[in-house]
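Novice: Below is a structure I'd like to ask you about.
Throughout, read-outs are computed from the coordinates displayed, never taken from laboratory work. Since the structure is predicted, the reported quantities are computational estimates derived from the model, not experimental observations. Cβ sites come from the backbone with ideal geometry, for glycine too, and all protein chains shown count toward neighbours.
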Amino acid sequence: MKTLVLLDSHAILHRAYHALPPFKSKKTGEPTGGLYGFSTMLLKVIKDLKPDYIAAALDLPEPTFRDVLYKEYKGKRPEAEDDLVSQLKRLPQLIGAFGIKAFSAPGFEADDVLGTLAENLKKIKDLKIIIVSGDADVLQLVDGEKVLVYTMRRGMEDTVIYDEDKVKERFGFPPDALPDFKGLKGDPSDNIIGVKGIGEKTATDIIKNYGTLENLYKKLEQNSPPGAAGILKDRVVQILLEHKGDAFFSKTLATIRRDAPVEFGLEKVKFEINLGKLKEMFEELGFEALIKRLEGFAVQSIF
């Protein structure tokens with residue numbers, strides 16, 4: 001069994017930036033806290049998961065199809081701080097120093113790139129795919145034991161791997177129902193409205209009992225036999241029927257696409273850590289503690 005690691009690069013950097021105190025490179029004077037956390041996380045991933053292949057997904061600055069569909073998408077997020085922006089610009093260079101190839105697709109988010117790669121590559125026999133992210137959105141991509149998500153619970157060191165059972169344990173329903181759940185509950189972090197008046201508990205109960213929005217609305221609209229709506233109170237049924245359009249539109253926004261135009265070959269992302277180039281990058285950024293950790297990788301590579 002071979003292991004492919006897919007990096008949700010910007011999500012990891014965002015998580016690191018907010019989890020660690022800010023500090024700067026003594027050599028260049030640039031802010032480096034997020035880049036340091038990203039590097040720490042990636043070294044941990046390499047040590048823990050021992051990947052045969054690694055690929056990184058990156059967001060592009062131009063609008064995505066979600067921005068075109070809904071101009072208020074992510075509209076309530078504060079503007080990124082200058083220190084974060086400068087580190088996001090540096091991120092591709094750092095990824096390259098690790099010896100990792102990055103992928104993106106115009107009009108799509110990094111999540112859609114991850115979804116496309118996972119969808120296409122999970123068909124390969126004897127290949128396990130592990131998505132590394134700081135964002136719970138990608139949990140909808142979990143597929144049995146074939147596609148897993150490695151993420152952080154707190155800070156950068158407390159990590160957990162989600163398989164399908166662990167997603168069900170957390171939410172009460174399977175991974176592929178997460179977009180339906182967000183279609184009802186919404187997602188304030190992305191400014192996805194959901195159905196006004198439906199909170200997390202009600203949305204969870206609905207998805208656990210009906211599975212998908214399509215099945216839910218089929219039951220509600222047919223109401224055949226009478227009372228098919230089951231657990232739902234009349235008030236909730238009325239709200240759902242009045243906001244059917246919002247529910248399905250929100251589900252569309254929350255659904256990670258699997259058809260991003262990405263040219264990808266597994267043979268192109270075979271991983272071998274580039275110790276020399278990475279050490280140079282760490283020296284430039286002032287990551288003395290991480291340079292010492294690289295010595296351990298050098299010893300491992302000899303054997």
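Novice: Which lysines, on any chain, are close to Lys27 with Cα under 26 Å apart, when same-chain ones fewer than 8 places away are left out?
Specialist: Correct list for Lys27: Lys44, Lys89, Lys277, Lys279, Lys292.
Novice: Extension gain Asp48-Glu72, at 0.36 nm per residue separation less the Cα-Cα distance, in nm?
Specialist: Numbers: separation 24, 0.36 × 24 = 8.64 nm, distance 3.91 nm.
Answer, rounded to one decimal: 4.7 nm.
Novice: Let me check against my output: what whole-number percent is the relative contact order of the chain, with C-alpha pairs under 8 Å and at least 6 apart? Please list the in-between numbers first.
Specialist: Numbers: 473 pairs, mean separation 68.0, N = 303.
Result for the chain is 22 percent.
Novice: Grab the beta carbon distance between Glu267 and Lys146, set R0 = 25 Å, and tell me the FRET efficiency rounded to 0.05. Present the calculation step by step, with values, prior to reporting the outcome.
Specialist: Details: r = 20 Å, r/R0 = 0.80.
Working from the Cβ atoms, E equals 0.80.
Novice: What label, among [x] 17.7; [y] 24.0; [z] 17.0, belongs to mean projected area of the Cα convex hull in nm² computed from the structure on display?
Specialist: It is the one labelled [z].
Novice: For Tyr150, enumerate residues with amide H under 5 Å from its amide H, sequence gap 5+ or separate chain, H modeled in the peptide plane.
Specialist: Under 5 Å from the amide H of Tyr150: Ile131, Val132, Ser133, Tyr162.
Novice: How long is the gain from Asp82 to Asp165 if the chain were fully straight, where each residue apart is worth 0.36 nm and the alpha carbon distance is subtracted? Write out the running numbers ahead of the final one.
Specialist: On the way: separation 83, 0.36 × 83 = 29.88 nm, distance 3.99 nm.
Between Asp82 and Asp165, full extension yields 25.9 nm more.
Novice: On to the next question. I need the shape label for the stretch 175-254. Rule: rounded when a/c is under 1.5, else prolate if a/b > b/c, else oblate, with a, b, c from the alpha carbon gyration tensor. Mind showing how you got there, number by number?
Specialist: Working: a/c = 1.83, a/b = 1.65, b/c = 1.11.
Prolate is the answer for the stretch 175-254, as a/c is 1.5 or above and a/b outweighs b/c.
Novice: Listed here are the pairs Lys101/Lys182; Lys123/Lys251; Lys50/Lys101; Lys50/Lys122; Lys74/Lys168; Lys122/Lys268; which of them are more than 20 Å apart at the Cα?
Specialist: Working: Lys101/Lys182 32 Å; Lys123/Lys251 26 Å; Lys50/Lys101 17 Å; Lys50/Lys122 18 Å; Lys74/Lys168 27 Å; Lys122/Lys268 17 Å.
Cα-Cα > 20 Å for Lys101/Lys182; Lys123/Lys251; Lys74/Lys168; rest within.
Novice: Using 0.36 nm per residue, how much length does the chain from Val237 to Lys208 gain when fully extended, once their Cα-Cα distance is taken away?
Specialist: 8.8 nm
Novice: Please list 3J(HN,Hα) in residue order for the stretch 101-116, calculated via the Karplus relation 6.51 cos²θ - 1.76 cosθ + 1.60 where θ = phi - 60°; whole Hz, with x for glycine and proline.
Specialist: Couplings: 8, 9, 10, 8, 8, x, x, 10, 8, 4, 4, 5, 5, 4, x, 5 Hz.
Novice: For the stretch 1-119, what does the alpha-carbon gyration tensor say about shape, rounded, prolate or oblate, given a ≥ b ≥ c as the root eigenvalues, a/c under 1.5 as rounded, and a/b over b/c as prolate? Before the final figure, lay out each step's value.
Specialist: Working: a/c = 2.03, a/b = 1.05, b/c = 1.94.
Because a/c hits 1.5 or more and a/b fails to exceed b/c, the stretch 1-119 counts as oblate.
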